[in-house]
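What follows draws every value from the coordinates through simple rules; no lab data is involved. Treat the numbers as computed from the prediction; the structure is a model and nothing was measured. Cβ sites come from the backbone with ideal geometry, for glycine too, and all protein chains shown count toward neighbours.
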Amino acid sequence: MRRDVFQALADPTRRAILLLLASQAMTPNAIAEEFQTSRQAVSKHIQMLTECELVKQEQQGREIYYSLEITKMQEIDQWLAQFKKIWESRFDQLDNVLLTIKKNKK
C-alpha cells in the first residue's frame with residue numbers, strides 16, 4: 001500500500017528520523033536508540049517512510065541499513081519551491097507597501 005508523502009512528513013518522529021538519515025545510513029536499532037519509544041514503534045515509522053519512498057533499505061550482511069531517498073526529497077523540494085516563489089513575491093509586495101507607508105509618514 002502506498003501512502004501519502006505529506007502524511008509521513010506530518011509526524012515529528014518521522015521528520016526526526018529523516019534528519020538522522022540525512023547524514024548517514026543507519027540500522028533500525030541505531031535509529032531506535034535515538035528515541036524514547038519502543039523499537040516496534042520506530043519500526044512502524046520506518047515502514048511508513050519506506051512505503052512513501054522517503055527512505056530506502058539496503059541489506060549489508062545480516063544488517064539492514066536505511067538511508068534517505070534523495071530523489072524523492074528533491075521531488076518534494078521542487079513541489080514546495082512553487083509555493084516559496086509565491087510567498088516571496090507576497091513578502092516583496094508587503095515590503096513595498098511598508099516602505100511606501102514609511103515614506104508617506106515623513
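Kirkwood hydrodynamic radius for the chain: how many Å is it when counted over pairs of different Cα atoms?
Result for the chain, one decimal place: 16.2 Å.
Can you give the net charge of the other residues whose Cβ lies under 15 Å from the Cβ of Glu33, counting K and R as +1 and D and E as -1?
Around Glu33, the charge tally is -1.
Residue by residue through segment 18-35, what is 3J(HN,Hα) from phi via Karplus (6.51 cos²θ - 1.76 cosθ + 1.60, θ = phi - 60°)? Round to whole Hz and write x for glycine and proline.
Working through the residues one at a time gives 4, 5, 4, 6, 5, 9, 6, 6, 9, 7, x, 5, 5, 5, 4, 5, 7, 10 Hz.
About its Cα centre, how strong a charge dipole does the chain have in debye, to the nearest 20, once Lys and Arg get +1 and Asp and Glu get -1 at the Cβ?
Working: 16 positive and 14 negative charges, 142 e Å.
The dipole magnitude comes to about 680 debye.
In terms of Cα to Cα distance under 24 Å, which lysines are near enough to Lys72, apart from those fewer than 8 places away along the same chain?
In chain and number order, the partners are Lys44, Lys56, Lys84, Lys85.
Sorted by mean Cβ packing within 10 Å, highest first, what order do the peptides 50-63, 83-96 take?
Those peptides, ordered most packed to least, come out 50-63, 83-96.
Amide H to amide H under 5 Å from Val55: which residues, 5+ apart in sequence or cross-chain, H placed 1.01 Å off N in plane?
Thr50, Glu69
Taking H as built 1.01 Å from N, whose amide H comes closer than 5 Å to the amide H of Ala25, not counting residues under 5 places away?
For Ala25, no residues qualify.
From the residues Ile86, Gly61, Ala32, which one has its Cα farthest along the dipole of the chain in the positive direction, the dipole being from +1 and -1 charges on Cβ of Lys/Arg and Asp/Glu about the Cα centre?
Ile86
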